[in-house]
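Okay, structure first, notes after.
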Amino acid sequence: MELDPNFSRKLISLGGKSLKKCYQCATCSVICPISPDDNPFPRKEMIWAQWGVKDRLLKDVDAWLCHHCNDCSEYCPRGAKPGEVLAAIRAAQVQTYSWPSFIPKIMAHPASFILFLAIPAILIYAVLKYAQANLGWGYIPEGEIVMSNFIPHIYVELAGFVVGGFVGLVALISAYRFWNAITEGGAKVFDIEAIDDMEMEIKARKSFWQAVLSALWDIITHNRFKDCGTSNYRYFAHLMMFYGFILLGISTLGAVVYLQMGMELALPPTDPVKVIGNLGFVALFAGTTWVIFKRFSDPERLGLGSYFDWFFVILLYLVAISGIAIELARLAESTTAYYIYLIHLIFVFSLLTYAPYSKFAHLLYRAIAYVYSESTGRKVEK
C-alpha cells in the first residue's frame, strides 16, 4: 500500500477540510442507512484519506453510494464531516478520469470560473461580428421579438451538435476509465474477507442488464435520497432540478421538431412546447434556490459545499434565471430579450461543455457505480 500525503492535501483543498479530526470511532458507518455490512463506508474512506491511500480512494465505488445526506456528519463526535470528505473523493475521481486531464486541473481553481465563462463569450462575440460583416445577421432586429431574426436557429443547433459530440466523447472515455478502475479496485477491497454464505451472496447479485434497469429506476425516482435524515430536503430539491432539466430537454427537442416543420419559434405562452419549457425553468429555479438557501441557512449541519459543487450550482442557477428573464422580456416586447438571449447562450454552452468536469458528471459516475454495485451485490437492498 503506497501512501501519498499530497493526495490528502488535495482532498482537503477539494472540500474535505475536517478529515484530520477523525479518530476512527466508526459512528459514521454505524449511522449510515445505506452502508453495506461488509466493508462499510465511510469509515474506511476516512482513514484512507488521512493516510493518503490514493490508489484505493480513486478506485473506490462506495464514494458514489454515499448520497451526502450528512447523517454521518451530524452524529460525528469530532466534527470530522465524513460527508464532506466523500464529496471531495468524488470530485477527485471526476478530475482523475475526465479527458483531457488539463481541463479539470484548471477548473479546480476558483479563478478559472471567469475564464471558462469568457471562452464561450468570446466565441459568440466573434461569430456575431463575422455574421454581421459577411452573412447579414447578428444585428438587433426591429419589430416583433423573434430570436431567429437575430441569430438563425440553424447556427445554434450546429453549435449544440458540436458541443454534444464533444461531451459525448468525453463521457465515453471517462466512463471507460472509471469502470475499469472500480472493477479493479473492487476486487482488492471487497474480497478481503471470506463470504460466509456464498449462496446468499450469489442470489444478491444481478445480471448486468438487470443492474442497468435497477440503476435507471434509482436515478429516475431518486429513491436513495429518501433515506437521508439530516439533509432530507435533498430528495425534493434534486427531483425538481433533475426533472426541470429533463423538461427543458423535452422542450428543446420539441422546438427542433417545430423548426423541421417550418414553424417559427416565437411561440405563445399556451403552446405545449412553451408550457413544458417554462415548467422546466420554474422547477430548475425552485430546486436550485432551495439548495442554495439550505446551504447558507445551516452550513455546519448541511455543509456549505466546495468550489467543485458551486461551479455547477451557480451555472445551473444562471441558466434558469436567464431563461426566465428572456421569456419575461419577450412578453414585454422589449429588445433587451436579445441581449439576455446572448447571455443565456453563454451560460447554457458553459453548463453543457464543462458538464463532464463539473458536478454535472455525478449523473454519469453515480449511474456506473449503481450498475457495478447492483451487479456485484454490493448495494444495500431495501
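Every number here is computed from the coordinates shown, using simple stated rules; none is lab data. Since the model is a prediction, treat every value here as computed from it, not as a measurement. Here the Cβ positions follow ideal geometry from the backbone for every residue, glycine too, while neighbour counts run over all protein chains shown.
Key figures for this structure:
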quantity	calculated
When each of Lys20/Lys226; Lys294/Lys359; Lys20/Lys105; Lys105/Lys274 is checked by Cα-Cα distance, pairs over 27 Å	Lys20/Lys226; Lys105/Lys274
Selection from Ile34, Leu11, Tyr75, by position along the positive dipole direction of the range 5-98 (Cβ)	Leu11
Residue-span extension gain [Ile219 to Thr289] - 0.36 nm each, minus C-alpha spacing	23.1 nm
Candidates Met107, Met240, Met261: whichever shows maximal mean-square fluctuation once the chain is modelled as a Gaussian network with Cα springs under 10 Å	Met261
Dipole moment magnitude, nearest 20 debye, the chain about Cα centre, only Lys, Arg, Asp, Glu C-beta charged	840 debye
Between helix 153-189 and the chain: long-axis angle, C-alpha atoms, 0 to 90°, nearest 10	0 degrees
With Cα atoms, 0 to 90° folded angle of helix 362-376 axis to the chain main axis	40 degrees
0 to 90° range, to nearest 10: angle between helix 307-331 axis and the chain longest Cα axis	30 degrees
Packing rank of 83-96, 304-317, 54-67, where each peptide gets the mean count of other beta carbons within 10 Å, highest leading	83-96, 54-67, 304-317
Average Cα contact separation per residue, the chain, under 8 Å, 6 or more apart, as relative contact order %	24 percent
